1. Under a plain spin-label model, where a point goes 7 Å from the Cα along Cα-to-Cβ, how far apart in nm are A:Ala186 and B:Arg45?
2. Quick one: with label points 7 Å out along Cα→Cβ, list the inter-copy distances for B:Thr74 in nm, shortest first?
3. Quick query: amide H of B:Ala239 versus all other amide H atoms, modeled in the peptide plane; which residues come in under 5 Å with a sequence gap of 5 or more or a different chain?
4. Can you divide the C-alpha Rg of the range A:30-185 by 2.2 N^0.38 Å and report the result to two decimal places?
5. How many percent of the alpha carbon pairs in the range B:2-103 exceed a separation of 24 Å?
6. Using the crude model of +1 on Lys and Arg Cβ and -1 on Asp and Glu Cβ, and no other charge, please compute the dipole size for the protein assembly as shown relative to its Cα centre, in debye to 20.
7. May I ask you to sort A:Arg161, B:Arg17 by Cβ crowding, counting other Cβ atoms within 10 Å and putting the fewest first?
8. Quick one: with label points 7 Å out along Cα→Cβ, list the inter-copy distances for B:Ala9 in nm, shortest first?
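All of the numbers you see were taken from the coordinates with simple rules; none came from a lab. Here the structure is a predicted model, which means the values were calculated and not measured. Cβ placement follows ideal geometry from the backbone for every residue including glycine, while neighbour counts extend to all protein chains displayed.
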There are 2 protein chains.
Amino acid sequence: MIRSISSAANPLVKLARALDRKKARTETGLFVAEGARHVTEGLDRGWRLHAVLAAESAVDRPQVRALLTRADATGAEAVTLPDHLLETLTHRDNAQSVIGLFRQQLGDLEAFDTSRPLIALEAPRDPGNLGTIIRTADSTGCAGVVLLGVSCDPFSMESVRASMGSVFAMPVVRAEAAGFFDWADAHGVRVFGTSLEGSQRHTDTDLTGPVAILMGTEQSGLTADSAARCSGLIRLPMAGGADSLNLGIATAVTVYEVWRQRGFDGARF
Amino acid sequence: MIRSISSAANPLVKLARALDRKKARTETGLFVAEGARHVTEGLDRGWRLHAVLAAESAVDRPQVRALLTRADATGAEAVTLPDHLLETLTHRDNAQSVIGLFRQQLGDLEAFDTSRPLIALEAPRDPGNLGTIIRTADSTGCAGVVLLGVSCDPFSMESVRASMGSVFAMPVVRAEAAGFFDWADAHGVRVFGTSLEGSQRHTDTDLTGPVAILMGTEQSGLTADSAARCSGLIRLPMAGGADSLNLGIATAVTVYEVWRQRGFDGARF
């Protein structure tokens, strides 16, 4: 049954608002995805939907109506609410007319198809960067994204938003660095760290076969321990006054080179 | 003379705070750069400093002391203020201990060295993307960045912050699309648009010689008028569920390919 709610004190509204905070996401295991398209994508990919909230002004749109009906059929709560109330949940001017509350779901190292590249990140801090990297991983046919150590939350609103739906497509795995390198060794995956101290250019390095690209933190790059366990350290050419690239940029340039060396295998174009 | 101020009502504090808004930046022609390193960089590159504000806890650091003295010598206001007051000006947890108020400065199409690649952006909306692209342009030896049409402000705090100092290194030019294409024609610069409707991969396109890479908006890509005037439309290979890349990512992947085709000419490594 599709319910109509109108109070900011409604428990579902309060829950959706609380999910802006890490603590509430951890306690409930839920997260927020915005936009009818992305919520539909989450359902299509088998993610468990807890609730969908749609703005009253949007319920006559066939896509939104279908989504509410479908969500209801899966056992999720399906509600409509005044537009102004939904806007308070998304904290932005150009608010979406639908949000979905999904159950968080992490991937598993053992499930990766190692014929596809992996992206591993050491303790990334910026959720926007993380979401953008998940989007890039999806766009380049990667197997998934591995988060090593204490990382920002891939299920924060900012990360999910920046992933543009790819959070539903790309497995994200949390692992300790030692365990990740052990797994890579056991599965014949060569791990290439990118570093300002790297000895070879990305384009001069053979990045075919099972590989993972390992990126250091935004602030201080790769840890010495991780660098020591890499199969090789690569470096992107740099000019001008800038001494580093944005983390999302450096990751994308590297993984596009990995893909170029595979003849853009699997590209839609 | 280095002055000490302590009141939130001080006109310089009020000016610095106001520069968070586009209106105040337009009226005064000033903008804010954060961090002693970036303020020093601005001075090194000849940008006109209006004022420098340093946190009291930082004035004993030799770099900060030297910066205050140098700023004062150039005729800029040089002041110290309580840390909590400076923090209110930067709107972030991990506040910088120095901010500089600089005079805005735009570049000129006619001054570009056309042997170096150019990045042109149609009406970018996200200042974080714009700053990241300025940083990437600097990192890859580009001549500069051209903003076509109604663009977000390269001198917003978010853009300047994302540029990581490169706003001082890379000329940014505002132009109308028609004037830009006329300039490109007159100077033998081939303009390659990137588009989901592009007919050739970036790696299959000759991007040597005088070229500009033209990127469409985050939302709707290239305008038809601009696409029609391009020398070619290129497309980045895509896989998976994502239907596009983040604008900063797509720009970087394209411009690194431009640079790869030039043998990374001018790279420090």
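1. In this crude spin-label approximation the distance works out to 4.9 nm.
2. 5.6
3. Those qualifying (amide H under 5 Å, at least 5 residues apart or on another chain) are A:Thr140, A:Gly141, A:Arg268.
4. On the way: Rg = 16.7 Å, N = 156, 2.2 N^0.38 = 15.0 Å.
Cα Rg divided by the expected 2.2 N^0.38 Å: 1.11.
5. On the way: 593 of 5151 pairs.
Tail of the P(r) past 24 Å holds 12 percent of the pairs.
6. Details: 54 positive and 62 negative charges, 110 e Å.
Here the size comes out at about 520 debye.
7. Details: A:Arg161 21, B:Arg17 17.
Ordered from fewest to most neighbouring Cβ atoms within 10 Å, A:Arg161, B:Arg17 come out as B:Arg17, A:Arg161.
8. 4.1
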